[in-house]
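Chemist: Below: one structure in structure tokens.
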Amino acid sequence: MGQVVDAARTFFDQLAAVGWTMLGVALACHLARLVARSLAWRNILAASFPTARVRRLAVFGAYVAGVGVNSIAPARAGDVVKLVLTKHRVEGTSYVTLAPTLLVETLFDSVVAAGILLWALTQHVLPGLDVLPKLPSIDWHWPAHHPHATILIAVVWVTVIVLLVVVWSRHVEGFRQRVGAGFAILRQPRRFVTGVVGWQALSWVARAATVYCFLRAFHVPASAHATLLVLAVQSLSTLLPFTPGGIGTQQGLIVYVFRREPLAKTALVSFSVGMQIALTAANVLLGLAALAAMARTVRWKRLVAPARRELERPEASS
């Protein structure tokens, strides 16, 4: 945690030098990215529930609420918030069908992220497994030093998921059909390309523009190469979501991948921390506003608890 505190102190020491105009443009690009992603998810939901009225504004609210929670809570807790809010806003939905839509939403992202990471590997800028434990990070530190315990935890999680699927399959009538409905848009290739891939490709353009503008705002030489390096760091830091937003990991990785560039470490740390603080603040504010408007509360844990009870009684959540 000391590394993060030191990084934050470095950021605030250089706050006066930030280019506020470019910072504002970066946040506008980030908002455009969220809009594009919510529209992609809305189209996935519309295909899964063809008889329901899936409103764009309601899906956008649920999506940004989930993004906001994911920014401050580990282990993708915000995804549960997305499902809860959507289930209560779209009639006729069920968790059994809603959950797979989140998987469908990640398919194109996985391909793009994998492509960026493969590019980074060809540039020989990513740290090896022997280097990861030595980086000043948080969420890679423990698993890197305790590989056997990490594998055990992963096995436990997989076992829990398998058992949950088994329980649901025995109690929910038409389980396979309901799960299959969550993947409905994949059986309509043209609709998937135009309604999902198109919007998500636009969201990646907006994401790259966001990073580029943040580089400019913090006076780090901005280029396509630098932007791709930051995107690679972001993708790598979210592989193990033990901390919100990969905090700590990004700061350790950003310094490492730019090690061949003639840039001061303080400038890189200031940029990384500043971008993360700005994006987290924007996500949390949007998320709280969406929660307050849709659920009349900002206490997201109160929303998740009833959902967990429903999931334990799958016949009731159908």
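The values are calculated or read from the model by the stated rules, or taken from the named source; none is laboratory data. Everything numeric in this text was worked out from a predicted model, so none of it was measured. Neighbour counts run over all protein chains shown; Cβ positions are idealised from the backbone, glycine included.
Chemist: For the list (1) closer than 20 Å to Leu231 by Cα; (2) of a type outside the set (A, V, I, L, M, F, W, C); (3) at pLDDT 85 or above, I need the number of the one condition that Arg76 fails.
Modeler: (3)
Chemist: For the stretch 256-266, which positions are part of a helix (DSSP H, G or I) and free of Cβ contacts under 8 Å to residues at least 60 places away in the same chain? Working first, answer last.
Modeler: Residues of the stretch 256-266 that are part of a helix (DSSP H, G or I), as a first pass: 256-257, 265-266.
Residue satisfying the conditions is Lys265 alone.
Chemist: Does Arg302 satisfy being among the charged types (D, E, K, R) and either under 21 Å from the mean Cα position of the chain (by Cα) or modelled with pLDDT of 85 or more (or both)? Don't jump to the end; show me each part of the working.
Modeler: On the way: among the charged types (D, E, K, R): yes; either under 21 Å from the mean Cα position of the chain (by Cα) or modelled with pLDDT of 85 or more (or both): no.
The answer is no for Arg302.
Yes/no per residue for (1) at pLDDT below 95; (2) at positive phi; (3) acidic (Asp, Glu); (4) part of a helix (DSSP H, G or I):
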site	(1), (2), (3), (4)
Val158	yes, no, no, yes
Val166	yes, no, no, yes
Val193	no, no, no, yes
Leu202	no, no, no, yes
Val205	no, no, no, yes
Val211	no, no, no, yes
Phe214	no, no, no, yes
Ala222	yes, no, no, no
Ala232	yes, no, no, yes
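Matching residues to (1) free of Cβ contacts under 8 Å to residues at least 24 places away in the same chain; (2) under 18 Å from the mean Cα position of the chain (by Cα):
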{"position": "Gly24", "(1), (2)": "yes, no"}
{"position": "Ala40", "(1), (2)": "no, yes"}
{"position": "Asn43", "(1), (2)": "no, no"}
{"position": "Ala52", "(1), (2)": "no, no"}
{"position": "Leu57", "(1), (2)": "yes, no"}
{"position": "Gly68", "(1), (2)": "no, yes"}
{"position": "Ala77", "(1), (2)": "no, yes"}
{"position": "Ala99", "(1), (2)": "no, yes"}
{"position": "Leu103", "(1), (2)": "no, yes"}
